[in-house]
Each structure stands twice: as C-alpha cells, then as structure tokens.
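Heads up: the structure comes next, in structure tokens.
The values are calculated or read from the model by the stated rules, or taken from the named source; none is laboratory data. These numbers were taken from a predicted model, which means no experiment stands behind them. Using ideal geometry, Cβ is built from the backbone for each residue, glycine included, and neighbour counts are taken over all protein chains shown. Ligands, DNA and RNA are stripped out before the accessible areas are found, and what is left, the full protein with its side chains, is counted by its heavy atoms. Shrake-Rupley method; radii C 1.70, N 1.55, O 1.52, S 1.80 Å.
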Amino acid sequence: MDFSLSEEQRMLKDSAARFVKKECQFEQRREQMRSPLGYSDEQWAQMAELGWLCIPFNEEYGGLGGSLVDVMVLLEELGKGLMVEPWLSTVILSGRLIEMLGTEQQKQEVITAVCSGQMKLALAYSEVGVRQQLAAISMEATPRADGFVLNGEKTLVLSAQAADQLLVVARTSGKAGDEQGLSVFLIDPNAEGITLSGYATVDGYRAANITFDNVQVSGSAVVGGVETSLNDVGLNNAFDSLQVVMNEAILAVGAEAVGVMDLLYQTTLEYTKIRKQFGVPIGKFQVLQHRLVDVFMQCEQSRSVLLMAVLHYVESVKESNKSISGLKVQIGKSGRQVGQEAIQLHGGMGMTDELDVGYYFKRLTCIDALFGNVDFHLERYATLV
Amino acid sequence: MDLTIGLKYHEFREQIQKFIRENITDDIREAGRLATSVFAEPKRAMAWQKILYKQGWAAPHWPKQFGGTGWDVVERSIFAQECLKANAPPLIPMSLLMCGPCIIGYGTEEQKAEYLPKILSGQDFWCQGYSEPGAGSDLASLQTFAESDGDDYIVNGTKIWTTYAQYANKMFCLVRTSREGKPQQGITFLLLDMNTPGISVEPIIGLDQVHEQNTVFFDNVRIPKANRIGKENDGWSVAKYLLMFERGGQEYAPALHFQLAEVRNIAEQVDVAGTSVWQNPFFKRKYCELEIEISALEFTENRIKSALTNGQNPGPEASMTKIRGTEITQAITELALEAVGEFALPLQVDVIEPGSTCVSVVPEYAQTVMPKYLNARATSIYGGSNEVQRGIIAKMVLGL
Ligand SMILES: Cc1cc2nc3c(=O)[nH]c(=O)nc-3n(C[C@H](O)[C@H](O)[C@H](O)COP(=O)(O)OP(=O)(O)OC[C@H]3O[C@@H](n4cnc5c(N)ncnc54)[C@H](O)[C@@H]3O)c2cc1C
C-alpha cells in the first residue's frame, strides 16, 4: 500500500494551494458570492489555464487523462478556498456524463470546449419527489418525427445560471420507478419554452428551478444519439452513467469536505489558543481540549474513508457503491460535528457573517444535502452488506 | 403522586383558546409561523404583546401587584402551549423576562412606577447590554467603565452581541464602577436611554444573513445615577437574581413538543419516489427518540414546577433544563434538515420576511428549515454557554 502522491499530484496540490492563498481570500469570496454572477469569470479562466477543467477527461478530447485521485487532490485544496465556481457541475456532473454517454462528435465538441474554459454546463436531473432515487425521474420527452418535446420541471439545478448548455435527464419511455427509459438531452438554455428561476444557495452557490413547456429538441440533442438511446441498451446506459457520475460527484465533494474540515479544525484550534476567558486561553479548558481532539479524529477518519473510496473506485467503478456511500455517510456525520464544534468553540463570533467559519460550516451542511444525505446513503449501504 | 389535572384547568384552557382565537390576527400568526429564532419579528411580536397587555396577560410570570396574572405554574404553561398552537410569535424576552423582574426585585418604588407599566404596554423596548468583546463567558471581567461625576456616571466602553439594539429605546446593562477587589465586586447595574448622546449602534449580521445582534459603543455617555438598579458595585447580585428568575420561569418542553410535531408535519409532506419521508422507518426511529427525550425533559420540568409550587427554589439544577432544552432544539432542527434534503439549500431570507411578496422556490414547508437550523446553533452559546452550564452543575450540584 502506498498513499503518497506522485510528483505531478504534488505539483497539482501546491498550485491549487497557491491559488487558494492568492485568489480566494475570504472577503473576496464573500464579495463574489454576493455579486450577480456568483463567482469570477477571471478566476474561471485561470482555472482553465491551470488545466483544472480537463483533469479527468481523455487526452483525445483535450483532457489530461487524470484519475479521481487527481480530482481528489485538487478539490481538497479548492475546498479550503470556498469554491463557488461551476466546476462540479461543468466538469464532473455534465462533462463526465458526456464523456461516458456521448457520441464521438458530442465528445469532440463539448469536452474540448469544456477543457478550454469556453463552455460551462449544468446537469438538470432532480425533480420534486426524486430525492436522489434516479429511477423516480418522471419528466417526459415525447418522441416526434424530427426529435422530442420536453415538458416538466427540474429543481435545484446547480450552477444553472452560468451554463452555456444544459444536460437534461428525461424519460423517453417507461414510467417513474423504471431504471430503463431515461435519456439525456443537450439543450440550449435559451431555447423556447425554458424558464429558469435562479437563486443563491445558503453556501454561496447559484442554482435554479427550470420549467420546460413544450420545448422542442432535435434528435441530435440526445446524448449518445437517437439510435442508442432508443434501444434498451442505450437507455440503460443513461441510468448507469448517471449513477457513476453521482459517485464521482460524491468523491469530489468528499475531498472538498475533507479540505473544509481540516481548515475548520486548524482555525478553531488557533482560536482556542488566542481567545482568553477567565484569564487563560480557552484551549486550556480540558473539556474544550477533548472536543478538539474529537474534531481532529473526525478529520482523520474522514480522510481515511475518502482514500478508501477513491481507491476502490479507481480499482473498480462497478464495485465501489458501498465505499462511496460509506464516504458520504462519514463526511455527512463528521462534517456536521466538525462544523458545529467550530461554531460552538468560537462562541458568538462563530455565529456571524464576519468570520469565514460560518461559511465553511454552511458548505459542509449543504454538502450533506447534495447527492443523497446520510440517511439516503446509509440505506443504500444497507442494501449492499 | 398524581398525574391528573383538575377540571378547573380544562375550563381555563378553553378560556385561553377562545381569547386567542378571537384576538390574534393573521399577520401576527404569520410572524410566529415564519420566526426562525427566539427573537421574532419585532413589529408583529409587539402587536401581539399589546393585545395581551389589554387583556392583562403580557407578563403571566410577574407578581400580580405589578401586572402579572396570578396564574399558577400549570395555568402559565397551558397559556404558553395555547400561544404556540395558535402560531403566536414569542414575545421579545429582554423587557418582559429579563429587565422587568430585575426592577421588581431590586428597583426603588419610583423606578418600578416609572418603568414597569411601559414594559408591560410595550411602549419601551429594552435590550440587554452585558457581553463585551473581552467578556463573554467570563462576564465578570467586563470593562465598560462608569465614572462618577456628581449626580451622573460618564460611561465609556463597548458592548457586543446586543440583540435588537437597533429597535430598542432602552438598555439595561452592567458597567464597571470599581477596579478594586474581585471583578464581581466592582460591577453596577444601570438603565439607560438609547438616545443619550455618545451611544452608537453598529449591526452584526448573522451567518443566517439576518440582523439580530449589534455592537454598541459608549463615548462619554452621561447617565444619571438615579438610573442605577441596586447599590453601586452590587450589580452582580442583580444580575444573578435575574438569572435565577429567568431559569425558574423558563420551560422548554411545550415548545419542543410543538416543534417536533411540525417536523412530522413536514416529513409527511416530503415526497420521495411516491412515498413520504414520514413512512421511512429510519426517519421515524429518530423522531421517536427525540419524542422520548422531550418527554423526559417535560417531566423534569414538571418536577421543578411542582417543587416551585410547594415554595421551593429551583436552584442550579435548572441549568439542566437549559442544556437539554437547547440540545433538543438543535436536534429537532437537524431532523427537519434531514427531512427536506436539498430543499433546504436555497437562500430564502427575503421570502421568509413576514409580509414578503417574494416567491418561494421551494415548497412552503421547507422555507424556514435551514434558517432555523443555522439560528439554533446560537442556543448553546447564549444565556451562558452549555459548557458553562455544565460547569455550574458540576460545581453546585455534584460538588466537584
Ligand atoms: C444570538 C446571540 C444573541 C446574544 N444576545 C445577547 C444580548 O442581547 N446581550 C448580551 O449581553 N449578550 C448577548 N449574547 C452574548 C452571549 O451571552 C455570549 O456569546 C456568551 O456569553 C458567550 O460568550 P462569547 O461569545 O464571548 O464566547 P466565549 O466566552 O469566548 O466562549 C468561547 C467558547 O469557549 C467556551 N468556554 C468559555 N469558558 C469556558 C470554561 N470555563 N469552560 C469550558 N468552556 C468554556 C464557551 O463555552 C465557548 O464554546 C448573544 C449571543 C448570541 C450568539
């Protein structure tokens, strides 16, 4: 067993850490979160420049051919800088879905544009009542002679406002509850019949609910092409590929959460050394010492489960569901404890918008709600033991 | 041993229900429904206080001669339950629960006559100026100094975390009048007018993006000595008396039962692939665990109440209800978060403002779930942090 980083991975980690230090100061991040766009275009261009948009993609399409280990290395550092760019939705949720499911031409066009920073994407999959049970998706894409007509509503589409193209999961056959019958469409968000109601999220991201009212799309909008998606094999692919993409997203936010927890632990530890009450630094109180030790252990345990899940995934995409659910449970529980303790030990200061502590706490809270929370993944885990 | 509640209480409950039904307005209920903090939206909370005031019910826990109701502890808790059920917003605690009792206990006759009626009627809005940047848990180390100058004090210093100072026209505060002896010995309890020259208020925005707290600066603020409660350098006794009163009068269980029922109501509405979250046995189990914890607290509180009825003092054991009450509050907000999943994510500060016309992007039941979760983190920090409360029990009850 070897958990050491390769030379390239170490360089990636260092450059991400430098970027966070230089470009992601808290005040600056807070400004960005409050701006209409929600992030900075220049920073996005820098991320493209640094090669962070092409890490997991195949070289054929302009990618770096990296693995989820590289994604993990990057995201842990970016988490410490309160990432708000549409990275997750563009690169993992959408980019990787196209790479798994798309036609040669779609991959050439879309992934190349993603890698160069020219195209941002968002994945519209969730609906009221879906709650991460992908088979429950019910939005319909009705076939017509020259394509499909889409009707329905998608909720909480992450980074939708920034997207140049939307990936929309809809049903071309079957009914809610069927794993088969789902297809993915690549659609211009300005197409007629699409209404996007956007909002900020508690952790500073942007998201939107999107309604589709008789939206007409051509057959070529189907990711993977009409032929494959209209035969059963193709349809199954959409479901399976979505599952894989969700697993990759969990690995990514898992790494981000580990970075966030580490940062909160360090910040809180430092605070208990300088904050004095009753004439001593509060870190001298044994009860707080023990609580910080627990926080430290949660951070370490989370990092371990992250490594386990990433390595299992790299070893076998198909066999890693259990480890990945394990990771989501671990970071959900540890994230809550670490976040809550960080606030509690900061006292009143922890409750304010003035400290970054609250922002990291909120990010951890939101990460638990994304892609299935602790309850969801404990149940999935239970079906696999 | 007896669990039955006398018949007279049933009649009492009906009488309360009738009054609330006939007098509460939709606007006021909305403020209660949307409240994400123990500090409700002040305009509507004050409107509710005025309605209760006219009926003589603004301060049920005060002695009758000063405007209390004369209800016994059971009646008071029935009243609290019925207010909750009707979605009445909680009354702002600083005036009625904190300042009033101090004046009753330690004020002169003139002070009682001057301040108490305006507290009851809501004409005065009080804020609490205890904490300072350097004095939180260690309150006795406070440094805001009041220098004697003839019939006045000249006050200089900074107070922090002052809830609703932006609405208050009055403040009760602790200031230092002597640096001799133990820190507790040089503290004085003062009442002051927020319009006095030299006072400035700066907002502190919370992590839930709501403005509740403030920093209050004192720059040579002249306060008449007549505004002092108790003796000079004896403010610590007043503050301690207030704490005792606060703890004796507070009951968590009724509100907790109510909040938990709300979570059930939410869970029944959250659709998951055709069934509801409430149907999920994982979820129901957590719900039941919390209900049992609340029942335990309810009967602990009943035991304390019963001791009070028999003329005993609750004592430091009351720290237990603060710890358990706030911990369960927090756990309930977590359960709600788990119930609504990603519907908790949108930032909806404008939508949940009472009277707002902003459109919610999530189902109504999910609107206040995240703000309540975020805000409830403060409950284990304020009013003496739970670490400090455990310290009190260890020392005063366990004798460690
Ligand atoms: C929402 C909110 C509203 C408030 N409203 C008011 C108000 O209206 N008026 C007012 O005067 N104040 C108000 N406060 C202030 C509140 O009383 C203080 O925040 C509280 O006393 C804690 O002080 P601190 O914030 O300085 O934290 P600190 O005292 O610095 O504590 C930091 C951490 O150290 C722990 N700690 C400290 N001492 C010990 C010890 N001896 N043993 C173990 N652990 C210890 C604490 O428990 C906490 O976890 C409010 C606070 C909040 C959060």
Rounded to 10°, Cα long-axis angle of helix B:253-269 versus longest principal axis of chain B: 40 degrees
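Carbon and sulfur together cover what percent of the accessible area of the range A:7-119 at a 1.4 Å probe radius? Could the numbers behind the result be given before it?
Values: 2320 of 4640 Å².
C and S fraction of accessible area: 50 percent.
Tell me what chain A gives for mean residue ellipticity at 222 nm when only DSSP H runs of n ≥ 4 count, each as -39,500 (n - 2.57), the sum divided by the residue total, rounded to 500 deg cm²/dmol.
Details: 12 runs with 185 residues, N = 385.
Taking each H run of at least 4 residues, the total per residue is -16000 deg cm²/dmol.
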Pairwise FRET efficiency - B:Thr25 versus B:Ala261, Cβ, R0 = 30 Å, nearest 0.05: 0.80
Chains B and A, summed buried accessible surface - 1.4 Å probe, Å², nearest 100: 3900 Å²
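Using a 1.4 Å probe on the protein heavy atoms, what percent of the accessible area of the range A:241-383 belongs to carbon and sulfur?
Values: 2940 of 5230 Å².
Its accessible area is 56 percent carbon and sulfur atoms.
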Listed residues B:Ala261, B:Leu297, B:Phe282: farthest to the positive end of the dipole of the range B:256-298 (Cβ charges): B:Phe282
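How much length is gained if the chain between B:Lys54 and B:Arg222 is pulled fully straight, taking 0.36 nm per residue apart and subtracting their Cα-Cα distance, in nm to one decimal?
Numbers: separation 168, 0.36 × 168 = 60.48 nm, distance 3.52 nm.
Value of the extension gain: 57.0 nm.
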Computed label-point distance, nm, for sites B:Lys118 and B:Leu7 using a 7 Å Cα→Cβ extension: 4.8 nm
Karplus 3J(HN,Hα) series, Hz, for the range B:89-106 with 6.51 cos²θ - 1.76 cosθ + 1.60 (x for Gly, Pro): x, x, 6, 4, x, 4, 6, 6, 8, 10, 5, x, x, 4, 5, 4, x, 10
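Rounded to the nearest 20 Debye, what is the dipole magnitude of chain B about its Cα centre when Lys and Arg each give +1 and Asp and Glu each give -1 at the C-beta? Intermediate values should be presented prior to the final figure.
On the way: 38 positive and 48 negative charges, 154 e Å.
The calculated dipole for chain B is roughly 740 debye.
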Average accessible surface area per residue within the protein assembly as shown, 1.4 Å rolling probe, Å²: 42 Å²
5 angstrom amide H check on B:Met194, placed H, neighbours 5+ away: B:Lys170, B:Met171
B:Ala273 long-range amide H proximity, modeled H, under 5 Å: A:Val130
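Report the calculated FRET efficiency for A:Ile274 and A:Val149 (r = Cβ-Cβ distance, R0 = 41 Å), to the nearest 0.05.
The computed FRET efficiency comes out at 0.10.
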Residues in the range A:363-385 that, when all protein chains are in place, have 40 Å² or more less accessible area than the chain alone would give (probe 1.4 Å): A:Thr365, A:Ala369, A:Asp375, A:Glu379
Chain B: calculated mean residue ellipticity at 222 nm from DSSP helix runs of at least 4, using -39500 (n - 2.57): -14000 deg cm²/dmol
Amide H partners (placed H, <5 Å) of A:Ala141, local residues excluded: A:Arg171, A:Thr172
Mean projection area, nm², convex hull over Cα of the range A:122-236: 6.7 nm²
Theoretical gain in end-to-end length, B:Glu14 to B:Glu289 [0.36 nm per residue, Cα-Cα removed]: 95.9 nm
Exposure ranking of B:Cys83, B:Cys288 by accessible area [1.4 Å probe, largest first]: B:Cys288, B:Cys83
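So if R0 is 35 Å, what FRET efficiency would A:Gln133 and A:Glu27 give, r being the distance between their Cβ atoms, rounded to the nearest 0.05?
Working: r = 40 Å, r/R0 = 1.15.
The computed FRET efficiency comes out at 0.30.
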Relative contact order of chain A, defined on C-alpha pairs under 8 angstrom at six or more residues apart (%): 15 percent
Added length on full extension, which subtracts the Cα-Cα distance from 0.36 nm per residue, B:Thr196 to B:Arg179: 3.6 nm
Size of charge dipole - chain A - debye, nearest 20, with Cβ of Lys, Arg +1 and Asp, Glu -1, no other charges: 1500 debye
Probe 1.4 Å, all protein chains present, accessible-area order of B:Val397, A:Val223, largest first: B:Val397, A:Val223
0 to 90° range, to nearest 10: angle between helix B:42-55 axis and chain B longest Cα axis: 80 degrees
Reachable aspartates and glutamates, given that their alpha-carbon falls under 19 Å from the alpha-carbon of B:Lys305 and they are not under 8 places away in the same chain: B:Asp2, B:Asp72, B:Glu75, B:Glu82, B:Glu246, B:Glu251, B:Glu293, B:Glu317
For the range B:121-163, residues shielded by at least 10 square angstrom of accessible area compared with the chain on its own, probe 1.4 Å: B:Pro133, B:Gly134, B:Gly136, B:Ser137, B:Asp138, B:Trp161
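May I ask you to list the trypsin sites (Lys or Arg not before Pro) in the range B:172-224 that are in a DSSP loop and have at most 14 other Cβ atoms within 10 Å of their Cβ?
Those that pass, being in a loop and sparsely packed, are B:Arg179.
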Rg and Dmax of chain A, Cα atoms only, in Å: 21.2, 79
Carbon and sulfur %, accessible surface of the range A:122-236 computed with the full protein complex present, 1.4 Å: 47 percent
On Cα atoms only, tilt of B:318-340 relative to the major axis of chain B in degrees: 40 degrees
Sequence of A:Leu167, A:Leu5, A:Leu12 when ordered by accessible area, the most exposed leading, probe 1.4 angstrom: A:Leu5, A:Leu12, A:Leu167
Rounded accessible area of A:Lys322 (nearest 10 Å², 1.4 Å probe): 80 Å²
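Where nothing but the Cβ of Lys and Arg (+1) and of Asp and Glu (-1) is charged, how large is the charge dipole of the range A:9-96 around its Cα centre, in debye to the nearest 20? Write out the running numbers ahead of the final one.
Values: 10 positive and 13 negative charges, 71 e Å.
Approximately 340 debye in magnitude.
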Set B:Lys43/B:Lys118; B:Lys286/B:Lys322; A:Lys13/A:Lys273; B:Lys170/B:Lys395; B:Lys159/B:Lys182 screened for pairs whose C-alpha atoms are more than 24 Å apart: A:Lys13/A:Lys273; B:Lys170/B:Lys395
Rounded Å value of the spacing that divides the Cα centres of the range B:41-109 and the range A:1-66: 56 Å
